[in-house]
Amino acid sequence: MSFWKEKTLAQLTSEEWELLCDGCGKCCLNKVIDDETEELYYTNAACKLLDPIQCQCQQYEERFTLVPGCTKVTLDNIASLTWLPDSCAYRRIYQGRDLPSWHPLLAGDKQQMHAKGMSTQNKIVNETKVKYLEDHIVLWPLKDCD
Ligand code: SF4
Ligand code: SF4
């Protein structure tokens, strides 16, 4: 059942809300903002808890305690989370788009997402190993495709 097409974001159950997440891991990347232009750049320096292969949080239940800056995407804040990647399922649905064909809900698992380069798999370094975030700016998190 394509619940994301039949319901608005406000109508989703908490389970459906969780299912909507593609598990790409891109929202767990550190970002830097240019002081002068206020432009936001993604880096490949990931939160210390992001699994580099599975692209999942390794302490999901305790994430907000262990990482105070960790942000839960909600109905109330989705409009303001403009730093989420264009490929983010919540952002796509919020903007009136559909899910891409590689989304796990359509593809069945995360393999297509990984194969199309839409996740963080094998692309990240742990933030604890990073000295200057500016040296880790990357463009691949901006990629979006259907
Ligand atoms: S705590 Fe987990 S969910 Fe939060 S940013 Fe880190 S890896 Fe991502
Ligand atoms: S970017 Fe969006 S869809 Fe991808 S893991 Fe983060 S919240 Fe989920």
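Since every read-out is calculated from the coordinates, none of them should be taken as a lab result. Everything numeric here is computed off the predicted structure, so don't read it as measured data. Because the Cβ atoms are built from the backbone with ideal geometry, glycine has one as well, and the counts that use them run over all protein chains shown.
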Rounded to the nearest whole number, the Stokes-Einstein translational diffusion coefficient of region 3-139 at 4 °C and 1.567 mPa s (Kirkwood radius, C-alpha pairs) in µm²/s is 82 µm²/s
Per the rule of 0.36 nm per residue minus the C-alpha distance, extending Asp76 to Ile33 adds in nm 13.1 nm
For region 1-101, averaging the sequence separation of alpha carbon pairs under 8 Å that lie six or more residues apart and dividing by its residue count, the contact order in percent is 25 percent
Taking the chain and a Cβ-Cβ threshold of 4.7 Å, the cysteines left without a partner are Cys21, Cys24, Cys27, Cys55, Cys57, Cys70, Cys88, Cys145
Looking only at lysines whose Cα falls under 20 Å of Lys72's and that sit 8 or more positions away or on another chain, we get Lys26, Lys31, Lys48
